[in-house]
1. Loop-only trypsin sites (Lys or Arg not before Pro) in the stretch 1-71, please: DSSP not H, G, I, E or B, and at most 15 other Cβ atoms within 10 Å.
2. Tell me the label-point distance for the pair Trp32, Thr172, using the 7 Å Cα-to-Cβ offset, in nm and rounded to one decimal.
3. For the stretch 40-101, evaluate the Debye formula with one uniform point scatterer on each Cα (no solvent term) and list log10 I(q)/I(0) at q = 0.11, 0.24 Å⁻¹, rounded to two decimals.
4. Counting Lys and Arg as +1 and Asp and Glu as -1, what is the net charge of the other residues whose Cβ lies under 14 Å from the Cβ of Ala62?
5. Around Ser17, with a cut-off of 10 angstrom between Cβ atoms, what is the net charge of the other residues, counting Lys and Arg +1 and Asp and Glu -1?
6. Could you pull out which residues in the stretch 10-42 have an amide N less than 20 Å from a spot 7 Å beyond the Cα of Cys111, following the Cα-Cβ vector?
7. Arrange the following residues from fewest to most other Cβ atoms within 10 Å of their Cβ: Phe101, Phe8.
8. Using DSSP, restrict attention to beta bridges with both residues in the stretch 2-225 and report what percent are antiparallel, rounded to the nearest 5.
Amino acid sequence: MTVAVIQFGGSNCDRDSVQALEEIGVEAELVWHEDGLPEDVDGVMLPGGFSYGDYLRAGAMAGRSPIMEEVKTAAEDGTPVLGVCNGAQIGCESSLTPGAFTTNESARFQCEHVYLRVENADTPWTRAYDEGEVIELPIAHGEGRYEIADDRLEELEADDRVLFTYCDADGTVTPEANPNGSKHAVAGITGDRGDHVAVMMPHPERVALADLGHTQGQGVLEGFET
């Protein structure tokens, strides 16, 4: 399997993503957005960063770039797609996934480790974990608050499309454990095209290298292997 890690001007987690994928034995290549999506890719990762300097709003310009039409076509054909942080914002802006990520409740950029509770362990991105398991991943964002209409969120929850929620170390979802004010503490969801498409705000690729002593993020990236 070869995963295309899409680079936009302002991407800064692209090489981290390639290294993390190669750590688990997944071949990955950097793809500049203007070059288009290669025909032979088996997966797509939209990495974190500040595409186009977050002008207008985070992910808005990259979400409307020509390559995203190719990514959506690939997703419709069953190609796994994962958007992380800025990639999650791009995923929502391009309608790969519903809802939107907007300014943190604190109105500040936040960079810290958070706890996540696995809400659905029956997806490519969460099968390495148990339902209800608590994992620890880092966040680094200024626009990570997930917003969506209440009735639409009820549909996502009823359909088990919420991957992770922010929680405390014991797995309890509390306002204090929600770092950005996301509605219902949502940290990651799957797309309308199936659970092979997903976005999440925390960074699994930053805790995927054994040399760094923390590999809990590998389970998410293993979704490209299924």
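Only the coordinates and a few stated rules stand behind these numbers; no lab work does. These numbers were taken from a predicted model, which means no experiment stands behind them. Here the Cβ is made from the backbone with ideal geometry for all residues, glycine too, and neighbour counts use every protein chain on show.
1. Details: sites: Arg15, Arg57, Arg64; in loops: Arg57.
Sparse-neighbourhood loop trypsin sites (Lys or Arg not before Pro): Arg57.
2. 5.2 nm
3. Debye output, listed in q order: -0.20, -0.94.
4. Numbers: positive: Arg57, Arg64, Lys72; negative: Asp14, Glu34, Asp54, Glu69, Glu70, Glu93, Glu143.
Neighbour charge sum, excluding Ala62 itself: -4.
5. On the way: positive: Arg15, Arg206; negative: Asp14, Asp16, Glu22, Glu205.
With Lys, Arg at +1 and Asp, Glu at -1, the net is -2.
6. 10-20
7. Phe8, Phe101
8. 60 percent
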